[in-house]
Amino acid sequence: MENLEFLRFAPHCGVRTRVCRPYRAKTKGKVERPIRYVRESFLYGRHFLNDAEVNAAVEHWLATVANVRIHATTRERPAERFSRDEAATLRPLPLHPYYSPALAPRASVPPRRPSTPSPSPVDVERRSLTTYAALTRGSGR
């Protein structure tokens, strides 16, 4: 299944997309497995007050755990491999932010102000993919 929003976003960043065939471990696993590693090694069971706290915690985790360990497949530290093989291939981010035509707020609806001034904690829970699918179907997206 294609993600139409991502197909609109990719050219903004100068990225070409390639759809992986379903159930093809040789390609899809390389994309999906790191997400599982981050969820299980960093996110599950933690609590964050806001995005800034998540960002600080993940930067610390990357610097002290994820990027300095010996990777089971490559037998190298991810930080060293990135510096040596991948950093030079990165391009600068676009000069202008991406605005989605599908997700743009309607001009006639004023933005809602939060009812409470302080942020509520963000709890990261382990949920199945079917749970997330049900949540997104219910949100109208």
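Using θ = phi - 60° in the Karplus curve 6.51 cos²θ - 1.76 cosθ + 1.60, the 3J(HN,Hα) couplings for segment 38-43 round to 5, 4, 6, 8, 10, 7 Hz; x is entered for Gly and Pro.
The calculated FRET efficiency for the pair Leu103 and Val31, based on their C-beta separation and a Förster distance of 22 Å, comes to about 0.45.
Coordinate-derived values only; no laboratory data. Predicted, not measured: the structure shown is a model, and the values here were computed from it. Because the Cβ atoms are built from the backbone with ideal geometry, glycine has one as well, and the counts that use them run over all protein chains shown.
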